[in-house]
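Peer 1: Let me begin by handing over the structure; questions about it come next.
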Amino acid sequence: LEALNQGVDCLRLNPGNIRDADRVQQVVSEAKVRQVPIRIGVNFGSLPPVGAIGVTRGQHRHLDGVNQLVKGSDASGEGETISVVDHMVATGLWEIQLLEDLDFDLIKISLKAYDIDTTVEAYRRMAELVPYPLHLGVTESGTAKSGSIRSAIGLGTLLYEGIGDTIRVSLSDDPREEIYTGFEILKSLEL
């Protein structure tokens with residue numbers, strides 16, 4: 001709320017970082033009055049418990065088996081197997097529904113994981129399901145050297161396919177390296 005009062009251009013809400021429905025409604029109401037978009041950030045590192053999206057209110061992800069979910073394209077799709085991608089997309093759709101139920105549609109969404117396969121597949125699926133802009137990124141991508149390569153492959157794949165509206169290169173390095181790497185990715189794709 002203070003960020004909105006100070007004139008922020010966009011907010012980010014990760015599923016579960018504001019768990020109280022009244023507080024979410026307060027933030028959304030203030031964002032709506034000011035016409036400030038909200039970016040929903042679904043990160044593998046902060047996924048809610050499997051089978052309990054929006055229910056458990058604070059149960060830590062390591063206690064629920066999120067780390068045992070099948071990652072990326074390893075999911076066979078047979079039986080009741082749920083993949084990290086399925087869980088990320090379901091979490092994002094749940095969070096979108098929260099905002100839509102409050103008559104708010106100035107939404108952006110990101111679905112970030114450490115591994116490229118999971119990240120790319122999550123964005124591909126979400127792009128087919130929602131009309132909202134997608135904010136691309138690979139979470140905890142690494143140092144300037146390794147993270148730049150990881151980001152270039154992940155973001156480059158999606159951008160080449162026409163998926164994505166904004167990007168963030170996240171490096172464990174000088175923030176200027178993030179900007180330089182992002183610029184080079186866009187430049188190489190003539191974007």
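The values are calculated or read from the model by the stated rules, or taken from the named source; none is laboratory data. Here the structure is a predicted model, which is why all the values come from computation and not from measurement. Neighbour counts run over all protein chains shown; Cβ positions are idealised from the backbone, glycine included. When the accessible area is computed, the model is the full protein with side chains, heavy atoms only, and any ligands, DNA or RNA have been set aside. Shrake-Rupley method; radii C 1.70, N 1.55, O 1.52, S 1.80 Å.
Peer 1: Under 5 Å between amide H atoms, partner at least 5 residues away or on a different chain: which partners does Val42 have, H built in plane at 1.01 Å?
Peer 2: Residues meeting the criterion, in which the H sits 1.01 Å from N, are Ser110, Leu111, Lys112.
Peer 1: Once label points are set 7 Å from the Cα along Cα→Cβ at both Ser188 and Asp117, what is their separation, rounded to one decimal in nm?
Peer 2: So the label points at Ser188 and Asp117 sit 2.1 nm apart.
Peer 1: Let me ask something else about it. Considering amide H positions built from the backbone, and no H for Pro or chain starts, which residues 5 or more places from Val50, or on another chain, come under 5 Å of its amide H?
Peer 2: Sorted by chain and number, the residues that satisfy this are Val66.
Peer 1: Ignoring ligands, DNA and RNA, how do Asp22, Asp174 rank by accessible area with a 1.4 Å probe, largest first?
Peer 2: Asp22, Asp174
Peer 1: Now, a different point. How far is it, in nm, from the label point at Tyr180 to the one at Leu1 when both lie 7 Å from their Cα along the line to the Cβ?
Peer 2: Distance between label points: 4.3 nm.
Peer 1: On to the next question. Would you kindly find the accessible area of Lys32, with a 1.4 Å probe and non-protein molecules such as ligands, DNA and RNA excluded, rounding to the nearest 10 Å²?
Peer 2: 80 Å²
Peer 1: Which order do Leu102, Leu171 take by accessible area at a 1.4 Å probe, largest first?
Peer 2: Leu102, Leu171
Peer 1: Rounded to a whole number of µm²/s, how large is the Stokes-Einstein D of region 76-191 at 37 °C and 0.692 mPa s, given Rh as the Kirkwood radius over C-alpha pairs?
Peer 2: Here the translational diffusion coefficient equals 221 µm²/s.
Peer 1: Can you give me the solvent accessible area of Ile38 with a 1.4 Å probe, rounded to the nearest 10 Å²?
Peer 2: About 0 Å², rounded to the nearest 10.
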